[in-house]
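Read the structure below first, then the notes.
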Amino acid sequence: MHSFKKGIKLVICLLICALVIKAMDILLYPCTFVRNDIHTVTNEQKDVVILGTSNGMSDLDPDSMLEGTKRTGHNLCVGGEYPVDAYYLTKLVIEKQQPKTIIFELSPGYFTTEKEKGNNYLLFYHEFPMSITKAEYYADTMLDCDFRSPLFAFHEYSLQYELSKIKDTVYQKMTNNYDVSYLKGQAQEYHENGFIEKYPVAIENFPSYSPTLFSKDEVKATNMEYLDKLIQLCKENDIEFIATTMPLAATMLVQEEESYRDAWDYFSEYFREKGVEYYNFNREYYKSYNHELANYVDYDGHMNGDSARAFSKVFGDIVFGDEALN
């Protein structure tokens, strides 16, 4: 009997701890745009899903890209999204819906670096709905993190920052609210299709530039492994896979010419061997769009909203032009 009472107390204690942790999560973990993105692609059928980094996030507007076609699309690009994330995001979408095309935006620097542990994984894991994919993503990524990370996800964020947003955060979560107006900031705004519009910035106000240069000798095997798995996953599910690299400002291409040349050579050969169409807007498709620095908000290649919409239309005409409605 004594052991039974101790067991009951332990269960009650664990339940109280779980409730406290859940309450802290509701209060302090922010409603990110990734929350909106994953909610959309798991609950709505999208023909075209764009994966990749912040360059794809700010440069590809699905509405402009697919204008004149019958296709629907969503931008799932995120700053800090590595091939491992793109792979599991695709698995999640396939588990819930059936996309026709995956567009993978490739930034060379992401292949020579390793993903930082912690919040960069939680950003995705926290928003995955209960699913087989969530369990697999946990096993492949979160087990390498501090075991407390998934339990206390809110500790990755500044309490001072979150305290000012508690009212809105709780309201959004308790009412399942995905209003994009909550995600509008001073320098950018999130759109329902996942595109993040950057507001124009004068060139003299660009942030300092410290690029992650590409070298084939520094390519991380894990990054290529997950890119391989992503391509194979699409083949197995009869999904068209398209790779692309966003146009960079001409001045930056010249400044880091050797590094970019090596990157284009490396990935052009890789995709050729895989039988994948690769739309590189800094080489084969260079003349398709203006590479003026004024089109961007920084030296890293993030476009302002108007330039991104114009480029997206060009991209769509090249990739989906034969599907345009009469």
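Starting from the amide H of residue 104, placed 1.01 Å from N in the peptide plane, find each other amide H under 5 Å away whose residue is 5 or more places distant or on another chain.
Those qualifying (amide H under 5 Å, at least 5 residues apart or on another chain) are 51, 242, 243, 244.
What distance in nm lies between label points placed 7 Å from Cα along the C-beta direction at residue 131 and residue 113?
2.7 nm
When the dipole is taken about the Cα centre of region 265-326, and only Lys, Arg (+1) and Asp, Glu (-1) are charged at their Cβ, what size is it in debye, to the nearest 20? Mind showing how you got there, number by number?
Working: 6 positive and 12 negative charges, 18 e Å.
For this selection, approximately 80 debye.
Where does the chain land at 222 nm, in deg cm²/dmol rounded to the nearest 500, when only DSSP H runs of n ≥ 4 count, each adding -39500 (n - 2.57), divided by all residues? Mind dumping the intermediate values first?
Working: 13 runs with 148 residues, N = 326.
Using -39500 (n - 2.57) per qualifying helix, the result is -14000 deg cm²/dmol.
Could you do me a favour and compute the accessible area per residue for the chain, 1.4 Å probe, result in Å²? Let's see the in-between values first.
Details: 16300 Å² over 326 residues.
Accessible area per residue, the chain: 50 Å².
Which residue, 149, 307, 58, has the most motion in a Gaussian network model of the chain that connects Cα atoms within less than 10 Å?
149
Just the accessible area for residue 152, please: 1.4 Å probe, Å², rounded to the nearest 10?
Approximately 70 Å² of residue 152 is accessible to the 1.4 Å probe.
Have a look at 238, 63, 298 and tell me which one the Gaussian network model of the chain (Cα, springs below 10 Å) gives the largest fluctuation.
238
Among the listed pairs 117/173; 70/96; 134/220; 22/235; 117/287; 216/274, give every one whose C-alpha distance is greater than 28 Å.
Numbers: 117/173 26 Å; 70/96 21 Å; 134/220 24 Å; 22/235 39 Å; 117/287 39 Å; 216/274 18 Å.
Over 28 Å Cα-Cα: 22/235; 117/287.
Suppose every K and R has +1 on its Cβ and every D and E has -1 on its Cβ; what is the size of the dipole of region 7-57 about the Cα centre, in Debye to the nearest 20? Please report the intermediate quantities before stating the final value.
Numbers: 4 positive and 4 negative charges, 60 e Å.
For this selection, approximately 300 debye.
To the nearest 10 degrees, how steep is helix 257-274 against the longest Cα principal axis of the chain, on a 0 to 90 scale?
Once rounded, one gets 80 degrees.
Against the longest principal axis of the chain, how steep is helix 83-96, in degrees 0 to 90 to the nearest 10, with axes from Cα atoms?
70 degrees
To the nearest 20 Debye, how big is the dipole of region 52-128 about its Cα centre, given +1 on the beta carbon of each Lys and Arg and -1 on that of each Asp and Glu? Please list the in-between numbers first.
Working: 7 positive and 11 negative charges, 68 e Å.
That gives region 52-128 a dipole magnitude of about 320 debye.
With the cut-off at 1.5 for a/c, could you classify region 46-134 from its C-alpha gyration tensor as rounded, prolate or oblate?
Values: a/c = 2.28, a/b = 1.27, b/c = 1.79.
Because a/c hits 1.5 or more and a/b fails to exceed b/c, region 46-134 counts as oblate.
Using a 10 angstrom cutoff on alpha carbons, build the Gaussian network for the chain and name the most mobile of 303, 24, 224.
It is 24.
Counting pairs of alpha carbon atoms under 8 Å apart in space and at least six apart in sequence, what relative contact order in percent does the chain give?
Details: 488 pairs, mean separation 88.8, N = 326.
Answer for the chain is 27 percent.
Would you kindly state how much longer the chain becomes between residue 143 and residue 10 on full extension, computed as 0.36 nm times their sequence separation minus their alpha carbon distance, in nm to one decimal? Could you put the intermediate results ahead of the total?
On the way: separation 133, 0.36 × 133 = 47.88 nm, distance 2.56 nm.
Net length gain for the segment: 45.3 nm.
Each residue of region 230-243 in order: what ³J(HN,Hα) in whole Hz does its phi give by Karplus 6.51 cos²θ - 1.76 cosθ + 1.60, θ = phi - 60°, with x for Gly and Pro?
3J(HN,Hα) across region 230-243, in whole Hz: 5, 4, 5, 4, 5, 4, 5, 10, 6, 10, 5, 10, 10, 10.
Set the Förster distance to 45 Å, then compute FRET efficiency between residue 164 and residue 290 from the Cβ-Cβ distance, nearest 0.05.
0.65
The values are calculated or read from the model by the stated rules, or taken from the named source; none is laboratory data. Keep in mind it's a predicted model, so treat the numbers as computed, not measured. Counting neighbours? That spans all protein chains shown, and the Cβs are built from the backbone with ideal geometry, glycine included. These area figures cover heavy atoms from the full protein model, side chains too; ligands, DNA and RNA do not enter into them. Shrake-Rupley method; radii C 1.70, N 1.55, O 1.52, S 1.80 Å.
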